[in-house]
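The structure appears right after this line, and notes come after that.
The values are calculated or read from the model by the stated rules, or taken from the named source; none is laboratory data. Note that the structure is a prediction, hence the values are computed from the model and not measured. Heads up, the Cβs are rebuilt from the backbone with ideal geometry, glycines too, and the neighbour counts pull from every protein chain shown.
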């Protein structure tokens, strides 16, 4: 999922309703805003409604280490994502957004690619964001041709 407009951004309550559905949903891609105190991990780990989910876009995650736990936890449960895009900000104003693409390589090992805002990151900001989100390493710059 490289095009932000490919999937409509859902609020967490809307996404949680999809996860709780009794009927399997056809969705292969979802995008949602990860709100404060949401039970995102539990909902995604327990859902049987999203058997075709392969791509997930997460905006403004608030759970420390949550995105990494979600990506790796789904794989451990036999439901690996092809790709998860996580967008966060390294400043309080939310103006310096960093995007992370989490995937598995051809050997089944997780890795993370990133793009940065137009201005350079301060020393350690990228590492703090990766650690805070619990994203797998290695972390490498994303080729601009793939965006």
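Please state which one of 27, 107 is within 18 Å of residue 136 (Cα to Cα) and either out of contact with any helix residue (DSSP H, G or I) (no Cβ under 8 Å at 6 or more places or on another chain) or part of a loop (DSSP other than H, G, I, E, B) (or both).
On the way: 27 fails: within 18 Å of residue 136 (Cα to Cα).
After applying the criteria, what remains is 107.
With 139, 90 as the choices, which residue is farther than 24 Å from residue 10 by Cα, surrounded by 14 or more Cβ atoms within 10 Å (Cβ to Cβ), touching a helix residue (DSSP H, G or I) at 6+ places or on another chain (Cβ under 7 Å) and in contact (Cβ under 8 Å) with a residue 24 or more places away in the chain? Explain how you work it out, then say what you get.
On the way: 90 fails: farther than 24 Å from residue 10 by Cα.
Testing whether each residue is farther than 24 Å from residue 10 by Cα, surrounded by 14 or more Cβ atoms within 10 Å (Cβ to Cβ), touching a helix residue (DSSP H, G or I) at 6+ places or on another chain (Cβ under 7 Å) and in contact (Cβ under 8 Å) with a residue 24 or more places away in the chain leaves just 139.
Considering only residues that are part of a loop (DSSP other than H, G, I, E, B) and modelled with pLDDT under 95, look in segment 121-136 and name the one that is surrounded by the most Cβ atoms within 10 Å (Cβ to Cβ). Talk me through it step by step, then tell me what you get.
Step one: of segment 121-136, the residues part of a loop (DSSP other than H, G, I, E, B) are 121-124, 134-136.
Now restrict to residues that are modelled with pLDDT under 95: 121-124.
On the way: 121: 16, 122: 11, 123: 7, 124: 9.
Applying the filter and picking the extreme gives 121.
Of the residues that make up segment 53-67, is at least one more than 19 Å from residue 135 (Cα to Cα) and buried (at least 18 other Cβ atoms within 10 Å of the Cβ)? Don't jump to the end; show me each part of the working.
Residues of segment 53-67 that are more than 19 Å from residue 135 (Cα to Cα), as a first pass: 53.
Subsequent filtering for residues that are buried (at least 18 other Cβ atoms within 10 Å of the Cβ) retains 53.
Looking through segment 53-67, at least one residue is more than 19 Å from residue 135 (Cα to Cα) and buried (at least 18 other Cβ atoms within 10 Å of the Cβ).
Would you say residue 78 is part of a loop (DSSP other than H, G, I, E, B) and exposed (fewer than 12 other Cβ atoms within 10 Å of the Cβ)?
On the way: part of a loop (DSSP other than H, G, I, E, B): yes; exposed (fewer than 12 other Cβ atoms within 10 Å of the Cβ): yes.
Answer is yes for this residue.
Looking at segment 36-68 only, could you name the residues that are part of a helix (DSSP H, G or I) and either within 17 Å of residue 111 (Cβ to Cβ) or out of contact with any helix residue (DSSP H, G or I) (no Cβ under 8 Å at 6 or more places or on another chain) (or both)? Reasoning before the result, please.
Initially, segment 36-68 is screened for residues part of a helix (DSSP H, G or I), giving 40-46, 66-68.
If the condition is that a residue be part of a helix (DSSP H, G or I) and either within 17 Å of residue 111 (Cβ to Cβ) or out of contact with any helix residue (DSSP H, G or I) (no Cβ under 8 Å at 6 or more places or on another chain) (or both), then 42, 67, 68 are the ones that fit.
Name, by its number, the condition in (1) in contact (Cβ under 8 Å) with a residue 40 or more places away in the chain; (2) surrounded by 15 or more Cβ atoms within 10 Å (Cβ to Cβ) that does not hold for residue 43.
Result: residue 43 fails condition (1) only.
Conditions first: (1) outside any strand (DSSP E or B); (2) on the phi < 0 side of the Ramachandran plot; (3) out of contact with any strand residue (DSSP E or B) (no Cβ under 6 Å at 6 or more places or on another chain). Residue 71 passes all but one, so which condition is the exception?
All conditions are met except number (3).
Return the total of residues in segment 95-104 being outside any strand (DSSP E or B) and either modelled with pLDDT of 95 or more or crowded, with 17+ Cβ neighbours inside 10 Å (or both).
So the first thing to find is which residues in segment 95-104 are outside any strand (DSSP E or B), and the list is 95-96.
Cutting the leftovers down to either modelled with pLDDT of 95 or more or crowded, with 17+ Cβ neighbours inside 10 Å (or both) gives us 96.
The qualifying residues number 1.
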